[in-house]
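These notes concern the structure reproduced below.
The values are calculated or read from the model by the stated rules, or taken from the named source; none is laboratory data. Please read these numbers as outputs of a predicted model, since none were measured by experiment. Glycine also receives a Cβ, built like all others from the backbone with ideal geometry; neighbour counts cover every protein chain displayed. Surface areas here come from the heavy atoms of the whole protein model, side chains and all, with no ligands, DNA or RNA. Shrake-Rupley method; radii C 1.70, N 1.55, O 1.52, S 1.80 Å.
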Amino acid sequence: MTAKTQNPAVRARAEIDLGALRANVRTLRARSSGAQLMAVVKADAYGHGAVPCARAARQAGAAWIGTATPDEALALRAAGIEGPMMCWLWTPGGPWREAIEADIDVSVSGMWALREVTEAARAAGRTARIQLKADTGLGRNGCQPADWPELVHAALAAPEVTVTGLWSHLACADEPGHPSIAAQLTAFEEMLGFAEKAGVTPEVRHIANSPATLTLPESHYDLVRTGIAMYGVSPSPELGTARELGLRPVMTLSASVALSKHVPAGHGVSYGHHYVTERETTLGLVPLGYADGIPRHASGRGPVLVGGKVRTAAGRVAMDQFVVDLEGDTVEPGARAVLFGPGDEGEPTAEDWARAADTIAYEIVTRIGARVPRVYTHERDDEDA
Ligand SMILES: *Cc1c(COP(=O)(O)O)cnc(C)c1O
């Protein structure tokens with residue numbers, strides 16, 4: 001398969017509506033209590049394409065761009081994305097110097113990282129912009145409260161670095177009212193208070209992700225870091241659907257039906273014959289499989305709009321394809337099968353696939369594979385309402 005000889009839209013495509021992304025950014029900014037917005041575009045913008053999404057988010061007023069890994073941030077700089085940018089998932093030996101020279105804020109969660117970034121800054125002959133990350137209770141990355149004074153004092157004592165930010169991350173923001181939320185905000189206040197008293201004057205303090213941006217104004221501080229909501233996907237069913245949250249899904253995943261055919265009753269379908277036709281029927285072949293990120297776990301359950309009706313994956317999802325029972329309907333090869341999208345035409349949403357696969361919608365969109373071409377629509381912002 002070469003991109004040159006094959007029309008990328010023929011088998012399957014993920015349409016990425018950048019107009020929807022910009023609208024979501026504007027909606028989220030309006031709900032951020034005046035805080036700045038960081039567009040989180042890690043993991044190739046949750047499968048949507050990091051460069052076009054970063055550009056579109058900037059058009060809609062995202063002050064910051066955020067990634068997990070330094071390589072992701074450096075790739076954005078190489079593609080010409082300018083302005084405030086931050087990355088937070090570092091490992092020893094990481095590209096500190098490249099990040100400093102590319103003017104990327106780097107997160108520091110411990111003394112090993114402070115040592116490495118200080119050395120890199122000295123070698124580069126430039127001051128590094130570092131943001132100290134506090135573990136206020138997530139229990140993942142970030143500096144423990146007991147180790148915070150040492151890290152803060154060491155950062156203040158290093159002339160090679162400037163502390164530009166103090167930040168943390170919430171564990172249960174998608175469960176409003178969870179007692180850990182208030183506990184984390186209290187811990188954050190204490191760790192901010194300590195650092196500021198010690199002499200840190202941060203440009204930005206931030207802790208809110210998408211669900212906190214939508215439900216927890218007291219968490220907004222100077223900056224909110226939105227990922228999933230910007231892509232028009234609800235952070236959790238508990239918070240409501242994307243539509244209820246005023247968000248518009250950005251990705252529409254569709255494929256061309258590869259084959260449809262009549263089969264008799266009692267016909268086994270796909271590996272393992274976990275589906276057997278009850279009566280004479282028609283089957284449609286959808287040319288997307290787990291290599292494309294369609295969860296095998298959704299075998300027998302994943303929904304898809306084909307020929308005007310929502311059908312269910314019949315039997316196993318295979319590596320490259322799955323089958324739907326068209327119940328005798330005639331659907332021509334080449335007909336559009338929509339796995340998920342905004343729902344305007346009755347198609348399922350990424351949240352529906354998450355339910356079918358016992359996972360979260362984050363995983364559904366993020367895992368859509370590299371074999372599925374992304375096709376961008378509404379790239380220009382001059383027609384936005
Ligand atoms: C991924 C991530 C976010 C964005 O989370 P969403 O729930 O998608 O908004 C924010 N902050 C950090 C540290 C992250 O890793």
Quiz item: How much of the accessible area of the stretch 289-335, in percent, comes from carbon and sulfur atoms when a 1.4 Å probe is used?
Solution: 49
Quiz prompt | Percent carbon-and-sulfur accessible area, the stretch 31-231, ignoring ligands, DNA and RNA, probe 1.4 Å | solution = 52
Quiz item: Where a ≥ b ≥ c are the square roots of the eigenvalues of the C-alpha gyration tensor, would you call the stretch 31-231 rounded, which needs a/c under 1.5, or, failing that, prolate if a/b is larger than b/c, or oblate?
Solution: oblate
Quiz item: Local charge sum around Thr215 (other residues, Cβ-Cβ under 11 Å, Lys/Arg +1, Asp/Glu -1)?
Solution: -3
Exercise. State the Cα centre-to-centre distance between the stretch 305-332 and the stretch 335-371 in whole Å.
Key: 15
Quiz item: Given charges of +1 on the Cβ of Lys and Arg and -1 on the Cβ of Asp and Glu, with all other atoms neutral, how large is the dipole of the chain about its Cα centre, in debye to the nearest 20?
Solution: 620
Quiz item: Taking N as the number of residues in the stretch 274-349, what is its Cα Rg relative to 2.2 N^0.38 Å?
Solution: 1.02
Quiz prompt | Solvent accessible area, Å² - Tyr275, 1.4 Å probe, full protein context | solution = 70
Exercise. Among DSSP beta bridges whose residues both lie in the chain, state the antiparallel percentage, nearest 5.
Key: 45
Exercise. Under 1.5 on a/c is rounded, so check that first for the stretch 2-131, then, if it is not, pick prolate when a/b is larger than b/c and oblate when it is not; a ≥ b ≥ c are the square roots of the alpha carbon gyration tensor eigenvalues.
Key: oblate
Quiz prompt | Cut-off under 5 Å, modelled amide H: who pairs with Gly227 long-range | solution = Val40, Ser210
Practice problem: Roll a 1.4 angstrom probe over the protein heavy atoms and tell me the percent of accessible area of the stretch 341-385 that is carbon or sulfur. | Solution: 47
Exercise. Mind grabbing the accessible area of Thr162 for me, 1.4 Å probe, Å², rounded to tens?
Key: 70
Quiz prompt | Dipole magnitude of the stretch 31-231, debye to nearest 20 (Cβ charges: Lys/Arg +1, Asp/Glu -1, about Cα centre) | solution = 320
Quiz prompt | Hydrodynamic radius (Kirkwood) for the stretch 108-218, which is based on Cα pairs only, to one decimal in Å | solution = 14.4
Self-check item: Pair Glu218, Ala370: separation of 7 Å Cα→Cβ label points (nm)
Solution: 4.6
Quiz item: Taking Cα pairs under 8 Å and at least six residues apart, what relative contact order does the stretch 31-231 come out at, in percent?
Solution: 20
Exercise. Might you work out the accessible area of Lys261 for me, using a 1.4 Å probe with all protein chains in place, and round it to the nearest 10 Å²?
Key: 100
Quiz item: If you take the Cα atoms of the chain, find Rg, then find the Kirkwood Rh from the mean of 1/r over all pairs, what is Rg/Rh?
Solution: 1.05
Quiz item: Can you tell me the accessible area per residue over the stretch 210-324, all protein chains present, probe 1.4 angstrom, in square angstrom?
Solution: 40
Quiz item: Once the Cβ-Cβ distance between Ser33 and Ala102 is put in as r, and R0 is 35 Å, what FRET efficiency do you end up with, to the nearest 0.05?
Solution: 0.70
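Do the sum for the chain: with -39,500 (n - 2.57) for every DSSP H run of n ≥ 4, divided by all residues, what is the mean residue ellipticity at 222 nm, to the nearest 500 deg cm²/dmol?
The per-residue figure over the chain is -8000 deg cm²/dmol.
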Quiz item: Looking at the stretch 136-239, which trypsin sites (Lys or Arg not before Pro) are DSSP coil and have at most 10 other C-beta atoms within 10 Å of their C-beta?
Solution: Arg140
Self-check item: Rounded, prolate or oblate (a/c below 1.5 giving rounded, otherwise prolate when a/b exceeds b/c) for the stretch 9-73 by Cα gyration tensor
Solution: oblate
Quiz item: Just the accessible area per residue of the stretch 153-192, please: how many Å² with a 1.4 Å probe?
Solution: 41
Practice problem: Using the charge dipole of the chain (Lys, Arg: +1 at Cβ; Asp, Glu: -1 at Cβ; taken about the Cα centre), state which of Met38, Trp148, Gly341 has its Cα farthest towards the positive end. | Solution: Gly341
Self-check item: Compactness relative to 2.2 N^0.38 Å, alpha carbon Rg of the stretch 251-377
Solution: 0.98
Self-check item: Dipole of the chain, positive direction: furthest Cα of Ala158, Ile294, Leu89, with charges on the beta-carbon
Solution: Ile294
Exercise. Would you mind finding the longest exposed-site-free stretch of the chain, with exposed GluC sites (Glu not before Pro) meaning DSSP loop and at most 13 other Cβ atoms within 10 Å?
Key: 83-243
Quiz item: To the nearest 0.05, how large is the calculated FRET efficiency for Ala79 and Arg301 if R₀ is 35 Å and r is the Cβ-Cβ distance?
Solution: 0.40
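Could you tally the net charge around Asp325, taking each other residue with its Cβ under 12 Å from the Cβ of Asp325, Lys/Arg +1 and Asp/Glu -1?
Neighbour charge sum, excluding Asp325 itself: 0.
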Quiz item: Full extension from Asp358 to Thr127: what is 0.36 nm times the residue separation minus their Cα-Cα distance, to one decimal in nm?
Solution: 78.5 nm
Practice problem: Over the stretch 1-144, give the accessible area per residue in Å² for a 1.4 Å probe, as an integer. | Solution: 41
